[in-house]
Number of protein chains: 6
Amino acid sequence: LPESQRDGSMPGVATGLAVTGAGGDVLYVEAATMEGEAGLSLTGQLGDVMKESAQIALSYLRANGARLGIPVEALSGRRVHVHVPAGAVPKDGPSAGVTMTTALASLLSGRPVRPEVAMTGEVSLTGRVLPIGGVKQKLLAAHRHGITEVVLPKRNEADLDDVPAAVLKDLRVHLAEDVSEVVAIALAAEDATARTVQAA
Amino acid sequence: LPESQRDGSMPGVATGLAVTGAGGDVLYVEAATMEGEAGLSLTGQLGDVMKESAQIALSYLRANGARLGIPVEALSGRRVHVHVPAGAVPKDGPSAGVTMTTALASLLSGRPVRPEVAMTGEVSLTGRVLPIGGVKQKLLAAHRHGITEVVLPKRNEADLDDVPAAVLKDLRVHLAEDVSEVVAIALAAEDATARTVQAA
Amino acid sequence: LPESQRDGSMPGVATGLAVTGAGGDVLYVEAATMEGEAGLSLTGQLGDVMKESAQIALSYLRANGARLGIPVEALSGRRVHVHVPAGAVPKDGPSAGVTMTTALASLLSGRPVRPEVAMTGEVSLTGRVLPIGGVKQKLLAAHRHGITEVVLPKRNEADLDDVPAAVLKDLRVHLAEDVSEVVAIALAAEDATARTVQAA
Amino acid sequence: LPESQRDGSMPGVATGLAVTGAGGDVLYVEAATMEGEAGLSLTGQLGDVMKESAQIALSYLRANGARLGIPVEALSGRRVHVHVPAGAVPKDGPSAGVTMTTALASLLSGRPVRPEVAMTGEVSLTGRVLPIGGVKQKLLAAHRHGITEVVLPKRNEADLDDVPAAVLKDLRVHLAEDVSEVVAIALAAEDATARTVQAA
Amino acid sequence: LPESQRDGSMPGVATGLAVTGAGGDVLYVEAATMEGEAGLSLTGQLGDVMKESAQIALSYLRANGARLGIPVEALSGRRVHVHVPAGAVPKDGPSAGVTMTTALASLLSGRPVRPEVAMTGEVSLTGRVLPIGGVKQKLLAAHRHGITEVVLPKRNEADLDDVPAAVLKDLRVHLAEDVSEVVAIALAAEDATARTVQAA
Amino acid sequence: LPESQRDGSMPGVATGLAVTGAGGDVLYVEAATMEGEAGLSLTGQLGDVMKESAQIALSYLRANGARLGIPVEALSGRRVHVHVPAGAVPKDGPSAGVTMTTALASLLSGRPVRPEVAMTGEVSLTGRVLPIGGVKQKLLAAHRHGITEVVLPKRNEADLDDVPAAVLKDLRVHLAEDVSEVVAIALAAEDATARTVQAA
Ligand SMILES: [Ca+2]
Ligand SMILES: [Ca+2]
Ligand SMILES: [Ca+2]
Ligand SMILES: [Ca+2]
Ligand SMILES: [Ca+2]
Ligand SMILES: [Ca+2]
Ligand SMILES: [Ca+2]
Ligand SMILES: [Ca+2]
Ligand SMILES: [Ca+2]
Ligand SMILES: [Ca+2]
Ligand SMILES: [Ca+2]
Ligand SMILES: [Ca+2]
């Protein structure tokens, strides 16, 4: 199995897509929860905007968890830690919002993220998926890493024109307007959970 | 439905008007509340003055909620999060005060903001609506986004002279001295709530 | 009624006098209290010295409230917010000390500040009223805004020589050595409270 | 009565001696206590070293109060505020240590500081009085302000040679090695308290 | 016994490998726990990235302790302190992650780290061991200090080509993909604990 | 008695040795404890490294107090304050670690430090005594101040070659590997405590 598939099988990890100085790259968002003072620990040399993305993702889930069937009440009296490796590489920008929300939804629901799925998109506090940059580089990176499904903001639909057809034919592309759609696409089906973990 | 109408139908979201380097623009203030340490989380790369606007809006409602019929006692033991997308765009200034107050009043009362209404104005701690700049650009932007009603500070009345008649004839303009007037204009009628949500 | 009179009729608002780059000006100090973590929120782009003035004002009242007949025990488990509009204008200096003390005493006692009174003076932690600068510009500004009574530090008495006679004849000037004198002058009589509010 | 005497009659105020760019000066340290989160609020634009002096003074009293007969247990669940007017003048240095300790000892014991006494000296955490600079300028300032008794560090004894005889003959100079000696000299006798307050 | 062996016999100390301006070096991570406010104290002039490594190590153990048989529930109501001597030497980078995790696992389990083992590797929040730099210098330093076993990231396997054969023949090299493997290799067998401590 | 002897007779004070721009000097570390929020207050214009030394000293004692017979459980619900006079002199470096540990051990055990002993050495979190610089200047300073016993890190043994024989013959030099040895050397015998205090 490629690495992304191995990582994806544990609840709390989601695969994002980033743009770096050297093109696109795949990026993992890792989430964990533990007893302790309520709050959010953030590591991975995250910049201000990316730290805010994590706060927004957690607030969205805490405010909307009941409606989405995600047991956020389990967070009471617990601390959440979100880390984005590699530890020494500075990262910033809002486009990991959907990935952070998905990693946290996976952690809280206990359902792993499907390892063949990667995603990118800003999230607002009400769950709207806002457009991001670098669609072409991000899809090339996903393809290169063996990803077969990607979730993009609906408002980035026009950017698919720039993606080589040879790449697009290997990728199933989902366009989302609300982050609840991203979560529904990315999380493994509940009855598939045990099986997926064993396959990893 | 245009986007502003869709956004407006969820309690906790209000439509503001801002001035940017490239003219006026529409801006959404999103508010959510969740269990947790009492306090206010602010995201959206807000500057010092805009962060203070959010503090003032929340303090005004907490100090005056009983008088205004807004159930602020529900905030006890809960955290409030205010976000202003887009996440990577720095924002500052006091003119979102009425919009923040309205978003929070909508969240607390459960009544959505009417999607055809946008607003701008500084708010003081006692609820006075203070004048702001950029009336012409803000009204052009509102018009461009399909807004049909705007609320402005009474003390900006003279600035309406600069707004093209072709724009003004499509806009119902309210002039407010106190933020409680803004809230009353902007929130959907209580008996209209269910219907408005279904229409969205 | 002029604006200053309207503002003055609500407990928690006091009228101060400031010096700006463009002469003197009238300035409102607004105070509110709400349930929450004990402490003091300060907004209005206040500088270090002015923030300390607000801390001193609150400490003075908390330490001396019983003696002054101000029910400071009501602050237990409550948060105090002091704001000085306009929100985007930086402000600094110690001379709003008497105004902050008066606004807080008004808020805690429920007695409005008489709208015809404005004041200026530094306050020490024991309530001494210390001298300030800009007496002439401040009194000109008070006069221009329809104020008819001003409270100044006793130690600024000599500065009244510089104020035009035409201005002085319209102003009743009080000279105070202790901030309790300022509060006694500025707050509406207790039996007058209901009437004053209705007149506003 | 001169001002220093008036100020001295209230528990919690002590008269210090400082060196400024323009020679020596008299300086008042004011202390107050109030219900609230345990801790120390410091105002008066104090620099790092002077803030540490206040922490040391309070810790010394809290650790040694029982031995000194000062009821420090009354501080439990209360906040202490130390202010040094004038509010806008930056101040720094360790030489107000004895003055801060005396002001706090006065506040806690309810015994006023004798108004004819001024003092200067660094204090260590065990109460040692350490030498300071500017003895000549400080004694000239004390004399000018009508002070008749001063307390200096024993280790500054040699600096008295520089003080004009005409000044020294009007001053009773105490030399202290331990801050408990300073407190004993400066506080009014317990049975004199009521009388002193009435005389003020 | 060489120093590294002496140090290794106390639970809570693990031997890491670092790169400095002057080649590789051995570095000790020391961990202790004590009653007090829950949280993590970090000393040793650690940079931002290395502080985050310690947070990640602690969160990993708190989130996965039950699964790994490490009694993390003992941390409730206790504070953790991680120090990396020498105290005046600034240190940074993510490569002490495995060492920090091992020191904490040793502290919590009460099992000492085997003194002949040194380690290097970044750790992610899910326990993945990520590659680091300086393998050659680190192994030369380990050899020089009498270390006989080293644990490296599996993804650094190719870097072993650069290490002199004379060094490699004295070192047993373990390649790890998950930090739980590092902990299993490094901790002394449970039944060996008493004996090892006595030998020290 | 020389000053160092007087100071040494009170529990909580230990004599250290420092290097300054002008050679070596004697330095006192003072520790006190009081009711209040658990934690550590540090004064004396300490730099980052020296602040960390104090944290390490306190953590070492809290983690190892039971084993060393030091009643650290008495710290529960109490605050510790460590001060290093003179208040206005900036100080930094790790070499006061043994002195801070000894001052705290003296405070907690109630046993004074023997006034004829001075010490220098970095301490790690497990109590190892690490080497420091300036042995020659520090021993000259100790000698000059009438100190007759010094404790140095074992790993500084070779530096004794540089110390003049005339100084060494007046000093009893102890070499320590573990800070518990330093504490045992420095604290007065338990049955000697009452007598020592009376002699002071
Ligand atoms: Ca930034
Ligand atoms: Ca991304
Ligand atoms: Ca600013
Ligand atoms: Ca606006
Ligand atoms: Ca300042
Ligand atoms: Ca003023
Ligand atoms: Ca400083
Ligand atoms: Ca002084
Ligand atoms: Ca950094
Ligand atoms: Ca390492
Ligand atoms: Ca530093
Ligand atoms: Ca030292």
message: Restricting to the stretch F:70-103, name every residue that is surrounded by fewer than 20 Cβ atoms within 10 Å (Cβ to Cβ) and within 16 Å of ligand 8 (Cβ to nearest atom).
response: F:Ala86
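Here is a yes/no grid of residues against (1) charged (D, E, K, R); (2) in contact with a Phe, Trp or Tyr (Cβ under 6 Å, 6 or more places away or on another chain); (3) assigned to a helix (DSSP H, G or I); (4) surrounded by 24 or more Cβ atoms within 10 Å (Cβ to Cβ):
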position: D:Thr126; (1), (2), (3), (4): no, no, no, no
position: D:Ile132; (1), (2), (3), (4): no, no, no, yes
position: D:Lys138; (1), (2), (3), (4): yes, no, yes, yes
position: D:Ala142; (1), (2), (3), (4): no, no, yes, yes
position: D:Val151; (1), (2), (3), (4): no, no, no, yes
position: D:Asp159; (1), (2), (3), (4): yes, no, yes, no
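In the list E:Ser106, E:Ser180, which residue meets the criterion of being of a type in the set (Ser, Thr, Tyr), surrounded by fewer than 24 Cβ atoms within 10 Å (Cβ to Cβ) and under 25 Å from E:Ala74 (Cβ atoms)?
On the way: E:Ser106 fails: surrounded by fewer than 24 Cβ atoms within 10 Å (Cβ to Cβ).
Of E:Ser106, E:Ser180, the one residue that is of a type in the set (Ser, Thr, Tyr), surrounded by fewer than 24 Cβ atoms within 10 Å (Cβ to Cβ) and under 25 Å from E:Ala74 (Cβ atoms) is E:Ser180.
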statement: Of the residues in the stretch A:85-109, those that are within 16 Å of ligand 9 (Cβ to nearest atom) and out of contact with any Ser or Thr (no Cβ under 8 Å at 6 or more places or on another chain) come to A:Ala86, A:Ala88, A:Val89, A:Pro90, A:Lys91, A:Asp92
task: Considering every residue within the stretch C:169-192, establish whether at least one is over 19 Å from the mean Cα position of the chain (by Cα), at pLDDT below 95 and more than 27 Å from D:Thr43 (Cα to Cα).
output: yes
- prompt: If only one of B:Gly44, B:Gly21 is without any contact (Cβ under 8 Å) to a residue 24 or more places away in the chain, more than 23 Å from C:His81 (Cα to Cα) and either surrounded by fewer than 24 Cβ atoms within 10 Å (Cβ to Cβ) or out of contact with any Ser or Thr (no Cβ under 6 Å at 6 or more places or on another chain) (or both), which one is it?
  reply: B:Gly21
- prompt: Is it true that some residue in the stretch B:50-69 is of a type in the set (Lys, Arg), more than 16 Å from ligand 11 (Cβ to nearest atom) and either closer than 22 Å to B:Val150 by Cβ or modelled with pLDDT under 95 (or both)?
  reply: yes
- prompt: What number of residues in the stretch B:91-147 are under 14 Å from the mean Cα position of the chain (by Cα) and of a type in the set (Lys, Arg)?
  reply: 3
field: Contacts under 8 angstrom Cβ, first residue in the stretch F:168-181 being touching a residue at least 12 places away in the same chain (Cβ under 8 Å), partner of a type in the set (Phe, Trp, Tyr) and not in a strand (DSSP E or B), 6 or more apart
entry: F:Val179/F:Tyr60
statement: A careful count of residues in the stretch B:50-77 that are within 16 Å of ligand 1 (Cβ to nearest atom) and either in contact (Cβ under 8 Å) with a residue 24 or more places away in the chain or over 23 Å from B:Gly93 (Cβ atoms) (or both) gives 1
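Where in the stretch D:1-85 are there strands (runs of 3 or more DSSP E), lying wholly inside it, with at least 1 residues that are more than 14 Å from chain F (Cβ to nearest Cβ) and under 13 Å from the mean Cα position of the chain (by Cα)? Reasoning before the result, please.
Details: elements: D:13-20, D:23-35, D:39-43, D:78-83.
Per the criteria, D:13-20, D:23-35, D:78-83.
Identify all residues within the stretch D:49-69 that are within 20 Å of F:Ala31 (Cα to Cα) and more than 16 Å from ligand 8 (Cβ to nearest atom); write none if there are none. I'd like the intermediate steps shown before the answer.
Going through the stretch D:49-69, the residues within 20 Å of F:Ala31 (Cα to Cα) turn out to be D:49-68.
D:Gln55, D:Leu58, D:Ser59, D:Tyr60, D:Leu61, D:Arg62, D:Ala63, D:Asn64, D:Gly65, D:Ala66, D:Arg67, D:Leu68 - these are the residues of the stretch D:49-69 that are within 20 Å of F:Ala31 (Cα to Cα) and more than 16 Å from ligand 8 (Cβ to nearest atom).
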statement: For A:Glu116, the lone unmet condition from (1) within 14 Å of chain E (Cβ to nearest Cβ); (2) modelled with pLDDT of 95 or more; (3) more than 27 Å from B:Gln45 (Cβ to Cβ) is (1)
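May I ask you to list the residues in the stretch B:29-40 that are surrounded by fewer than 21 Cβ atoms within 10 Å (Cβ to Cβ) and not β-branched (Val, Ile, Thr)? Give the steps one after another, and end with the answer.
Narrowing the stretch B:29-40 to residues surrounded by fewer than 21 Cβ atoms within 10 Å (Cβ to Cβ): B:33-40.
B:Met34, B:Glu35, B:Gly36, B:Glu37, B:Ala38, B:Gly39, B:Leu40, listed by residue number.
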message: Tell me yes or no: at least one residue of the stretch F:91-113 is more than 30 Å from D:Gly47 (Cα to Cα) and of a type in the set (D, E, K, R).
response: yes
- request: Evaluate the following for A:Ala88: is it over 19 Å from the mean Cα position of the chain (by Cα), facing another protein chain (nearest Cβ under 7 Å) and under 17 Å from E:Lys51 (Cβ atoms)?
  value: yes
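For every residue, the table says whether it meets (1) over 18 Å from F:Arg62 (Cβ atoms); (2) of a type in the set (Gly, Ala, Ser); (3) touching a helix residue (DSSP H, G or I) at 6+ places or on another chain (Cβ under 9 Å).
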{"residue": "E:Val49", "(1), (2), (3)": "yes, no, no"}
{"residue": "E:Ser53", "(1), (2), (3)": "yes, yes, yes"}
{"residue": "E:Arg67", "(1), (2), (3)": "yes, no, yes"}
{"residue": "E:Pro71", "(1), (2), (3)": "yes, no, yes"}
{"residue": "E:Val84", "(1), (2), (3)": "yes, no, yes"}
- prompt: Within the set of pairs 6 or more residues apart or between chains, which connect a residue that is under 18 Å from E:Asp92 (Cβ atoms) and more than 13 Å from every other protein chain (Cβ to nearest Cβ) inside the stretch E:121-144 to a residue that is buried (at least 24 other Cβ atoms within 10 Å of the Cβ) and at pLDDT 95 or above with Cβ atoms less than 7 Å apart?
  reply: E:Lys138/E:Leu17; E:Lys138/E:Thr120; E:Ala141/E:Leu17
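The values are calculated or read from the model by the stated rules, or taken from the named source; none is laboratory data. Quantities reported herein were computed from a predicted structural model and do not represent experimental measurements. For neighbour counting, all protein chains shown are included, and Cβ atoms are generated from backbone atoms with ideal geometry for every residue, glycine included.
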